[in-house]
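Please read the structure below before turning to the comments.
The values are calculated or read from the model by the stated rules, or taken from the named source; none is laboratory data. None of the values given here were measured: they were computed from a predicted structure. Using ideal geometry, Cβ is built from the backbone for each residue, glycine included, and neighbour counts are taken over all protein chains shown. Heads up: the accessible areas ignore ligands, DNA and RNA and are worked out on the full protein's heavy atoms, side chains in. Shrake-Rupley method; radii C 1.70, N 1.55, O 1.52, S 1.80 Å.
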Amino acid sequence: MKSPLPPSGSRLRDIALALAFASALTAAAGAAAYGVISSQFQRQLETKRGETIDKLARIRADMESMLTGSLTLTQGMAATLYAHGALSDDEFVATARQLSMDRDDVRNMAIAYGTVLKQVYPVKGNEKAVGLDYRSNPQQWPAVEKAITDGKTVVVGPLSLVQGGLGIISRTPVYRPSHPGAAPSYFGLVSIVIDLETLLDRSGLNDKDRGIDVAFEADGEILHGRTDLRSFNPVSARISFPGGTWMLLAVPSQGWPQSWWHDERPLVLSGLGMMLVVAALSFGAALVWLHRTKLLASLQESESRYRNLMETAPAAIVAHRHGRLIFANREALRLIGADDAQSLIDRPVLDLIHPDYHPVVRDRIGSLRQPGDESPPIRQKLIRLNGSVVDADVASSAVMIDGELAVLAIAVDASRTVRAEAQLQSIFDDLQRSNDELRQFTAAASHDLQEPLRQIATYVQMLERRYSEALDKDGREFIDFAVAGVMRMRRLLHDLGTYTQLQTAGTPLKRLDLSAIVDAVEDEHRPTIERLGARISHCSMPAVMGDEKQMNLLFSNLLDNALRYSRSGVPPVISYNVTRQGAFWRFSISDNGIGIAPEYQTAIFNVFTRLHGAGQTDGSGFGLAICRRVVERHGGRIWLESQPEVGSTFYFTLPTA
């Protein structure tokens, strides 16, 4: 690539001309000296202003960060309200305390349900606010009404607070469905009060070590700092927020430089001669010219790289203005099937879009009103010049080209992705169909095999009653083995049917009182509990969203497991416990049984997994697998901790009601 810089000889001639011109200024030595000294003074002044601007910018950044962090607390509380609805006082206090942790600029946080303020944290000092109906307060209702009407956060302030001092109030409305499937409607309002003095202090406005004096101005009035700062030509920084704008003003603590003859006296007294002044000016002019030439070359090189990048990009890139194409790269030509860019230039962009997507594309283009506006990628169909259709993922943004607003669109050929998604969907459909058939087969098998097994058990028992005197001890034992095997097979088939139907035969989840379910399960196992001398203790059980039959299965299997695998000669000790974890309850059922070795603590949740032979226990190997499927169907998880000969603790989580 040829360098855009002129030949070195030309550069030397230009420098010589600059020096000659500078020499001609010798007659104006005094004026030149004044210019140099004044220029030096101006640079120092600009440097001072630049340093002051940098320091003020850091203060503004700290203040915006503090303000944004405090204001977004309402978003956190609003998200909690959206997810869980109305909060109890304890839930509200816990959430508010957690959100406002380590933020000493937060005066209080409150929730209004409808337009009546119901909860405030901290309560101390704010007792009178509880029960306030915003509609009856003419000072606060306009801002509250605007937040509810617009559905957006509204910030007002600074304003005088009842508790004293100045503050900022942010209010965020909460919209949520009144019942599943309903459209969101207004539910409540979250508000937060921020102490202005604390915010300013934490942002560094009172830090004298910065070397600047700072004032805070709102609505044309200085509320903090020196009230006369406007008269000292301060630098300023604007802080924008949803409720308006503030200004920060600053000057150096020592003031601005006063005059060149006062602040540049060493330079004046140095007695620089006119020739040095002329030399400095000439070399300065040469350097400026060289820098300008180099900058021009850099701009040309940058433009060249940008064009090469656009042309060689693996994605199709086009630009259009007023609905007509003005640029297309090589990949765009390939995707559309054009021979050259000229065949696309000035063509209506909608000619290349499938008619089904015209309304969407018009809306997306209409939303790009200023540079930087973007439209996220969407999949749409493009029409090639030969009339064929191709799928593409297209993203757009507004840019300035030749001083006018245009739309830059990037398209990626999605044909392979569409084919792959279709194949994946086909595989998924086949797998779903196979799983459905397998569940149907398993359910039918577990049901249809019950009758033959009942007949076998009946006739074997009839043989025992009718011919028991003709049978020896071995014969009677063989019949007992046959009956026991049939009964175990019936239980296996029953549990298999239960397991396969858990995903499809469940009822819609509803609010359940687990205390009643746990009591009913214990009553079912009462004979075994009394026979083993078991002691069972549990805390108050909460309400959950669940399937009543499946909850009964879950607690019944876990209790049966704790009783069945107790240590010989040791009365079982079983305890229930529950703790709150966010939107879930975590349950634990502990026992002092034989325990489970670490290598089996995951496998026991699989079907047909038994750690003991059929002669030791009469389990089917389905109990814990059923427990896992029940818990997972309810959106929770189940696990255990165990030590052999010490006992086991089964943990599982269920959603709160």
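Here are some notes:
- Using only alpha carbons, the range 518-594 has a radius of gyration to Kirkwood radius ratio (Rg to Rh) of 0.98.
- For the range 508-657: Kirkwood Rh in Å [reciprocal of mean 1/r, alpha carbons]: 15.6
- Whole-Å distance, taken between Cα centres, linking the range 175-196 and the range 44-91: 21
- Sorting Leu471, Leu205, Leu463 on solvent-accessible area from highest to lowest, probe radius 1.4 Å, gives Leu463, Leu471, Leu205.
- Other residues lying with their Cβ under 14 Å from the Cβ of Ser648 contribute a combined charge of -2, Lys and Arg counting +1, Asp and Glu -1.
- Within the same chain, aspartates and glutamates fewer than 8 places from Lys381 are excluded, and of the rest, those with a Cα less than 20 Å from its Cα are Glu331, Asp351, Asp356, Asp363, Asp391, Asp393, Asp413, Glu421.
- In this structure Thr47 has an accessible area near 80 Å², from a 1.4 Å probe over the protein heavy atoms.
- Distribution of pairwise C-alpha distances over the range 80-200, 10 Å bins, in %: 13, 45, 35, 7, 1
- When Trp256, Trp246 are compared by accessible area at a 1.4 angstrom probe, the order from most to least is Trp256, Trp246.
- Geometric descriptor of the range 73-150, per residue, is 108 Å³ (volume of the convex hull of the Cα atoms).
- Magnitude of the charge dipole for the range 145-258, about its Cα centre and with charges confined to Cβ atoms of Lys, Arg (+1) and Asp, Glu (-1), is about 360 debye.
- Taken per residue, the accessible surface of the range 119-220 reaches 51 Å², heavy atoms only and a 1.4 Å probe.
- For Tyr134, solvent-accessible area (1.4 Å; no DNA, RNA or ligand), Å²: 10
- Under 12 Å, Cβ to Cβ, from Leu325 - net charge with Lys/Arg +1 and Asp/Glu -1: +1
- Within the range 315-408, the percentage of alpha carbon pairs spaced more than 17 angstrom apart rounds to 47%.
- Near Gly188, once Lys and Arg are set to +1 and Asp and Glu to -1 for all other residues with Cβ below 10 Å from its Cβ, the sum equals +2.
- Under 26 Å of direct C-alpha separation, and excluding same-chain neighbours fewer than eight residues apart, Lys118 reaches these lysines: Lys128, Lys146, Lys152.
- Taking a straight line from the alpha carbon of Lys549, these lysines sit under 21 Å away, with near neighbours fewer than eight places off in the same chain left out: Lys510.
- If the convex hull is drawn through the Cα atoms of the range 37-104, its volume per residue in Å³: 78
- Measuring with a 1.4 angstrom probe and ignoring ligands and nucleic acids, Phe605 comes out at about 10 Å² accessible.
- Accessible area per residue (1.4 Å probe, heavy atoms of protein chains only) ranks Tyr82, Tyr651 as Tyr82, Tyr651, with the largest value leading.
- 3J(HN,Hα) along the range 533-541: x, 6, 10, 10, 10, 8, 7, 5, 8 Hz, from the Karplus curve 6.51 cos²θ - 1.76 cosθ + 1.60 with θ = phi - 60°, whole Hz, x for Gly and Pro.
- Surface share of carbon and sulfur [accessible, 1.4 angstrom probe, percent] for the range 505-549: 51
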